[in-house]
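Student: Take a look at the following structure, please.
The values are calculated or read from the model by the stated rules, or taken from the named source; none is laboratory data. Remember, it's a predicted structure, so these values are computed and weren't measured experimentally. Heads up, the Cβs are rebuilt from the backbone with ideal geometry, glycines too, and the neighbour counts pull from every protein chain shown. Keep in mind that these areas ignore ligands, DNA and RNA; they rest on the heavy atoms of the full protein, side chains included. Shrake-Rupley method; radii C 1.70, N 1.55, O 1.52, S 1.80 Å.
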Number of protein chains: 2
Amino acid sequence: MSSSHSEEDPLPTRSLRTGQAVEHMVAVLSEEIVSGQWPPGSRLPAQQIAQRFSVSRTPVREALSQLCAMGLAESRPHRGVITAQVSQADLLAMFEAMAELEAACARLSAQRMTLAERHQLSAMHEGSRDLRASTRSSEYAVFNDAFHSLIYQGSKSDYLIELTLSTRARLAPFRHTQFRVARRPEHSFAEHSEIVAAISAGDAERAAQAVRQHVLSVAHVSSDYVAARSRTGESPCPE
Amino acid sequence: MSSSHSEEDPLPTRSLRTGQAVEHMVAVLSEEIVSGQWPPGSRLPAQQIAQRFSVSRTPVREALSQLCAMGLAESRPHRGVITAQVSQADLLAMFEAMAELEAACARLSAQRMTLAERHQLSAMHEGSRDLRASTRSSEYAVFNDAFHSLIYQGSKSDYLIELTLSTRARLAPFRHTQFRVARRPEHSFAEHSEIVAAISAGDAERAAQAVRQHVLSVAHVSSDYVAARSRTGESPCPE
DNA sequence: CGCCGTTAAATTGCATGCACTTTTGCGAAG
DNA sequence: CTTCGCAAAAGTGCATGCAATTTAACGGCG
């Protein structure tokens, strides 16, 4: 669901391929909201959206509802749905929460990971040495996701994992640029080393602290990037 | 739907007070699921539910969707919606996550609360001395919610607060019995004292640790209670 | 007796049409 | 000029009807 969300439909999609209309609208609209094409606080007229996607109001209603659940929009009582602006402060707050969630996972992982899991984590980290200087930042991003996921799983706490994954998903639009920042993979690798060491040693508090710092450093990189992007007022291809 | 379906609707309560059908169904169904009247894993037939509440499938669909979002049901691809069983292990995992969330709030609160907020927290705690031995457990429950909420707010991290509140809401059905356990308020008060002391002192790690322990002790009380209740197999009146 | 294709049933997603509620624009009364 | 009230407009919730997809049941074939 990442990069190429190619829509080969020049006109309003006649996607009668039942079962994807809502999903499609959510994908398109969320991308547009995140990228700033809908000014924050602007209305999302259900009628027009229905026409644009050539669907009826029922699926639009569902899509808008999901956007609200995702925090990208909000619905006033009887005044329609408007786009919710994600200020830099909001973004930082979300990363902050993410840092705490991942720290909690790391804390529990340090206590609960099996020996095999610790070895796997360590091996995966070592295996990423090569990618540090890779020109293809997406490669490191893929590894990075897997690495963090391993820590989530190690916590053995399903609900915590669920919360962490959903928060990560919610932050995804703002994160996918972080590795384009110069030398970010190197820094990331160094921080991962400390995390692996702490978890391997079973030092819960140290692991938590290391992860917290790591995520917060990502936060600063990303939020600065987003802030800069919004300052330049980019609005590339409307569709 | 077969032919023998009365299309007259004078009998069902004229609850056409638009705007509460979904909410009502969610409330009733969630209560029934939590109380075990729907055996875990049993199907929730949309059709029958629609008839039972005298509504069409559209709002039922919405209600079931919300139940899934609440974790009380799950939807298999094309095999209908079934009630999700919340095992004692699941419950413990949720409390565990709650403990980490609240600990994170406490950590941040210890660092960020204003002096006024610390005093308010302390005052509220002191004010609860009397309620310790109150025979009306609901009174202590109300105070307890307010006390914990104050700590959430002190974190100044909106998204973290949001996560914490929604998790608390999700646990509510299992928590509302905790203060019926003998001498629970006394223990709670003692634990609160440590929390207040740590936050007042600005000792983040100590505050986090104190809250973590406090929530986990609630977890054990509640999950034991639920486990005991499910063993006795209560399933009073089907309707 | 087991395997496979066919058909019936259930589920889902969506379109469309109302009925009701709340906002809001606008003109009249104070 | 402000305030009140009224009526049009917008928003919302729900009913009902299809069409498409999938699962599950059933009977023939190997």
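Student: Sort A:68, A:105 from largest to smallest accessible area, using a 1.4 Å probe on the heavy atoms of the protein chains.
Tutor: A:68, A:105
Student: Nearest 20 debye, what's the magnitude of the dipole of the stretch B:109-225 about its Cα centre given +1 on Lys and Arg Cβ and -1 on Asp and Glu Cβ?
Tutor: Once rounded to the nearest 20, the dipole reads 220 debye.
Student: Compute the distance in nm between two label points, each set 7 Å from the Cα along the Cα-to-Cβ direction, one at residue B:182 and one at residue B:76.
Tutor: Taking the two extended label points, one gets 4.5 nm.
Student: Also, I was wondering about something else. How many square angstrom of accessible surface are buried between B and A, both sides summed, with a 1.4 Å probe and rounding to 100?
Tutor: When B and A are taken together, about 1800 Å² of accessible area is lost.
Student: If the label for residue B:193 sits 7 angstrom from Cα along the Cα-to-Cβ line, what are its distances to the same label in every other copy, in nm to one decimal, shortest first?
Tutor: Distances between equivalent label points, in nm: 4.8.
Student: I've got another one for you. Indicate the gyration tensor shape class of the stretch B:88-232 (rounded, prolate or oblate), computed on the Cα atoms with a ≥ b ≥ c the square roots of the eigenvalues: a/c under 1.5 is rounded; otherwise a/b larger than b/c is prolate and the rest oblate.
Tutor: Working: a/c = 2.01, a/b = 1.34, b/c = 1.50.
Verdict is oblate for the stretch B:88-232.
Student: May I pose another question? Would you work out if the stretch B:21-83 is rounded, prolate or oblate? Take a ≥ b ≥ c from the square roots of the eigenvalues of the alpha-carbon gyration tensor; rounded if a/c is under 1.5, else prolate when a/b is larger than b/c, oblate otherwise.
Tutor: Because its axes are fairly even, with a/c under 1.5, the stretch B:21-83 counts as rounded.
Student: Now, a different point. Quick one: order A:131, A:29 from most to least accessible surface, probe 1.4 Å.
Tutor: My answer, sorted largest first, is A:131, A:29.
Student: Express in Å², to the nearest 10, the accessible area of residue B:195 obtained by rolling a 1.4 Å probe over the protein heavy atoms while all chains stay in place.
Tutor: Only protein atoms counted, so the area is about 0 Å².
Student: 7 Å along Cα→Cβ for the label point: how many nanometres lie between residue A:88 and each equivalent label in the other copies, listed shortest first?
Tutor: Its label point is 5.2 nm from the equivalent points in the other copies.
Student: Solvent-accessible area of residue A:25, probe 1.4 Å, all protein chains present, reported in Å² to the nearest ten, please.
Tutor: Result for residue A:25: roughly 0 Å² accessible.
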